[in-house]
Amino acid sequence: MAVLDRYVLNITSRPENLSRVAEFIAEVAANFGMTDQETYNIQMAVDEAVTNIIEHAYEGEEGPIEVVAERHGDDFVVTLRDHGKTFDPTAINEPDVNASLEDRDIGGLGLYFMRRLMDEVEFHFNQSGWNELTMLRRRRAVMTCGSRYDPSIIVIQPRGRLDANGTTYLESELESLAQDNQHRLVVDFRQVTYISSTGLRTLLLAVRRAKRHGGDVKLCSLNAPVRKIFRMAGFDMILAIHDTEEQAVKAFRLSQANG
């Protein structure tokens with residue numbers, strides 16, 4: 001698929017077409033440079049939306065669904081259009097996800113997931129007969145998740161340039177994690193193209209803070225230009241740098257085993 005800013009998939013409201021939609025979203029997201037976690041969230045939101053169209057708008061009957069995926073700057077925008085029945089989204093109460101089994105309402109989770117996974121969700125019903133749902137997901141400057149090798153270790157994935165501007169997002173995330181008593185961190189540099197003295201200083205302060213609480217901040221997956229900056233500043237001698245996330249996590253386990 002050539003890299004464009006707009007892609008269109010036309011399907012009919014058959015449940016077996018949900019896999020086609022998921023594949024379409026995954027391919028477009030890869031072209032737009034979305035992370036695996038961002039792609040998963042978008043896929044899930046779109047799957048819920050298309051399922052609602054199939055089950056409720058068309059009520060099991062077959063009808064057209066148009067899926068449009070677009071890049072607006074750093075935003076991923078998905079628009080779904082159909083000719084099915086309209087509904088009032090404001091009439092759907094947000095489910096109480098903490099309710100007991102006896103008190104739990106059946107239904108309503110689809111719209112709830114869409115709103116939680118996407119940054120903006122808007123419905124439009126026009127006189128031409130098209131129902132239109134637009135969902136927007138903003139590209140994250142910094143992504144955070146539990147390590148796939150050890151969920152107790154948090155992996156931070158900054159993106160782009162860690163200059164005076166870009167570093168503010170990383171600094172904010174590091175401070176937020178510290179407030180949540182998360183002090184065993186891996187910073188994954190796979191998508192970092194540059195780091196300035198501001199970025200280096202932020203990492204140094206984060207390592208000192210983590211160590212005061214019995215933790216550490218380890219780095220992994222630095223590309224050659226970024227690694228060169230670390231060497232120039234002598235930071236490769238004072239910070240734990242590893243080739244992969246797996247190696248960084250193993251280093252945590254080894255230090256824990258050695259007491």
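The values are calculated or read from the model by the stated rules, or taken from the named source; none is laboratory data. Keep in mind that what you see is a predicted model, and the values were worked out from it rather than measured. No Cβ is skipped: glycine too gets one built from the backbone with ideal geometry, and neighbour counts run over all protein chains shown.
A few remarks follow.
- Filter result for Phe252 (touching a residue at least 24 places away in the same chain (Cβ under 8 Å), more than 23 Å from Pro151 (Cβ to Cβ) and either in contact with a Cys (Cβ under 8 Å, 6 or more places away or on another chain) or not polar (S, T, N, Q) (or both)): no
- Where Arg201 falls short, out of the listed (1) farther than 24 Å from Arg148 by Cβ; (2) of a type outside the set (A, V, I, L, M, F, W, C); (3) touching a residue at least 12 places away in the same chain (Cβ under 8 Å); (4) out of contact with any Gly (no Cβ under 7 Å at 6 or more places or on another chain): (3)
- Subset of the range 188-211 (residues that are assigned to a helix (DSSP H, G or I) and either within 15 Å of Pro225 (Cβ to Cβ) or small (Gly, Ala, Ser) (or both)): Ser197, Gly199, Leu200, Ala206, Ala210
- Residue that is modelled with the lowest pLDDT, among those in the range 97-133 that are under 14 Å from Ala45 (Cα atoms) and assigned to a loop (DSSP other than H, G, I, E, B): Gly108
- Residue satisfying condition, being farther than 18 Å from Arg137 by Cβ, modelled with pLDDT of 90 or more and part of a loop (DSSP other than H, G, I, E, B), within set Glu94, Glu16, Glu61: Glu61
- Of residues in the range 236-248 being in a helix (DSSP H, G or I) and at pLDDT 95 or above, the one surrounded by the most Cβ atoms within 10 Å (Cβ to Cβ): Ala248
- Between Phe189, Phe230, the distinction of being surrounded by 13 or more Cβ atoms within 10 Å (Cβ to Cβ), touching a Cys at 6+ places or on another chain (Cβ under 8 Å) and of a type in the set (Phe, Trp, Tyr) belongs to Phe189 only.
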